[in-house]
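Please treat every number below as a calculation from the coordinates, not as lab data. As the structure is a prediction and not an experimental result, all values here were calculated from the model. Please note: Cβ atoms are built from the backbone with ideal geometry, for glycine as well, and neighbour counts cover all protein chains shown.
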Amino acid sequence: MSTLPAPSADQLAHSQHLAALIADQITAAGGWLPFDRYMDAALYQPGWGYYSAGSRKFGAAGDFVTAPEMGSLFAESLANTVATVLAACGGGEVLEVGAGTGALARDLLLALEAVQLPTHYRILEVSPDLAARQRETLEAGAPHLLSRVSWCTTLPSGFVGCMVGNEVLDAMPCRLVRWTQGQWWERGVGLSATGLVWAERPLADLAAAAHLPTAGWPDDYLTEIQPTAAAFVASLAHAVEKGALLLVDYGFDAATYYHPERNEGTLMCHYRHHSHDDPLWLPGLQDITTHVDFSAIWQAATDAGWALEGYTAQASFLLDAGLLEALSRRDPQSTDYLRQAAYAQKLLSPAEMGELFKVIGFSRNLPLTALLPGFGREDRSGGL
């Protein structure tokens with residue numbers, strides 16, 4: 001792709017090595033891998049995948065920017081909801097899933113310090129590189145709270161408290177399926193003389209796509225299904241004794257996600273702040289994401305024992321959770337106020353993150369007497 005920044009020689013060698021590892025997997029599987037297995041290798045292959053290797057991914061020097069890295073208003077608003085959960089639990093812990101740079105952990109702990117600190121702040125992180133960066137962020141920005149933080153690679157059991165995940169589900173491996181001439185095909189990856197190529201086979205397990213509303217779809221309709229993300233949310237329920245789960249990500253309800261006009265799906269790649277749609281290009285050097293089907297997440301969660309607390313757009317959630325109050329605590333004459341106000345605009349604007357990003361909340365065995373902060377302004381649960 002000539003329009004994208006060229007990788008260095010070392011980066012290109014890294015990607016070529018990962019592509020060779022993936023080619024070996026394809027050969028061992030008989031010449032074809034379903035896309036979710038390719039995506040898993042491209043992102044998480046130990047030592048070589050995008051999230052497993054040491055390149056910088058977040059922020060201006062990386063490939064994309066998430067809400068917590070632009071300022072602290074996101075975390076300060078979220079803290080009101082987390083504190084409500086902790087109070088309902090009679091104390092407890094916070095578990096953050098996939099903490100990125102550690103910016104959310106830092107700012108959430110600092111905000112909770114003024115309300116109700118958790119007894120422990122766990123970070124579930126599969127990338128040693130990211131775990132090290134998260135520790136550096138916390139050591140620099142909240143050193144007095146570092147003793148409350150620990151890292152884990154597997155879920156705890158008997159968890160009491162609040163689980164949080166920001167932009168986690170979108171990076172979980174998905175399957176690609178295509179509806180054409182009244183039949184399902186599954187898109188995967190094969191090999192040619194020039195390298196990795198797309199290849200399709202009839203979908204073997206038709207039940208995996210049984211929930212998709214094919215009526216009215218045009219021929220040759222390509223989309224995603226997300227069993228890994230759904231199974232992950234279900235697994236969180238089994239780890240919780242009492243508490244809540246808050247997930248923030250970009251996505252839609254099923255009716256919007258699988259609209260007849262969305263006939264090329266939502267799969268996107270991010271490389272040095274450029275977006276494109278070719279996940280086979282330079283594996284290991286780019287992020288691969290899909291929008292989240294929140295209806296499927298809700299169904300998997302409730303089947304596993306979670307109770308839905310609310311579902312709404314990010315703008316509505318943050319306003320109800322106290323973003324404007326957090327902004328008003330700044331000196332309006334300060335440069336920090338101006339910077340945070342611009343950040344608030346990005347978080348809230350329908351043209352930026354306010355509408356595309358959604359927040360969904362669940363609880364388990366939690367005695368709540370009112371809606372959680374964030375879901376009182378405009379709840380869209382009825383659309384799931």
Share (percent) of C-alpha pair distances in the stretch 7-46 greater than 15 Å works out to 42 percent
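Please report, in cubic angstrom per residue, the volume enclosed by the convex hull of the alpha-carbon atoms of the stretch 36-184.
So the per-residue Cα hull volume is 153 Å³.
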Local net charge near L169, Cβ-Cβ under 11 Å (Lys/Arg +1, Asp/Glu -1): -3
For A20 and S235, calculate 0.36 nm times their separation in residues minus their Cα-Cα distance, and state this gained length in nm to one decimal. 74.2 nm
Based on the Cβ-Cβ distance from H211 to R135, what FRET efficiency comes out when R0 is 41 Å, to the nearest 0.05? 0.50
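Could you please rank Y250, Y38, placing first whichever residue has the fewest other Cβ atoms within 10 Å of its Cβ?
Going from sparsest to densest Cβ surroundings: Y250, Y38.
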Using a cut-off of 9 Å between beta-carbons, work out the net charge of the residues near Y250 (Lys and Arg +1, Asp and Glu -1, Y250 not included). -2
Using only the C-alpha atoms of the stretch 106-198, find the volume of their convex hull and express it per residue in Å³. 189 Å³
Throw me the Rg/Rh for the stretch 170-326, computed over C-alpha atoms with Kirkwood Rh, two decimals. 1.01
Gyration tensor (Cα) of the stretch 255-315, equivalent ellipsoid semi-axes in angstrom: 28, 15, 12
Separation of alpha-carbon centers, the stretch 132-169 and the stretch 190-222, rounded to whole Å: 38 Å
How big is the gap, in Å, between the Cα center of the stretch 333-384 and the Cα center of the stretch 263-285? 27 Å
Where both partners of a DSSP beta bridge lie in the chain, what percent of those bridges are antiparallel, to the nearest 5? 60 percent
Just the number, please: Stokes-Einstein D of the stretch 190-253 in µm²/s, Kirkwood Rh from C-alpha pairs, 10 °C, 1.306 mPa s. 100 µm²/s
Provide, for q = 0.13 Å⁻¹, the log10 of I(q)/I(0) from a solvent-free Debye sum over equal Cα point scatterers in the chain. -1.12
Share of Cα-Cα pairs in the stretch 232-276 lying beyond 12 Å, as whole percent: 75 percent
What does the charge count around L78 come to, taking other residues whose C-beta lies under 12 Å from its C-beta (Lys +1, Arg +1, Asp -1, Glu -1)? -4
Full-extension gain in nm, E200 to A351, via 0.36 nm per residue minus C-alpha separation: 50.8 nm
The stretch 77-166: GluC sites (Glu not before Pro) in DSSP loop, at most 15 other beta carbons within 10 Å: E113
FRET efficiency, R329 to A9 (Cβ-Cβ, R0 56 Å, nearest 0.05): 0.70
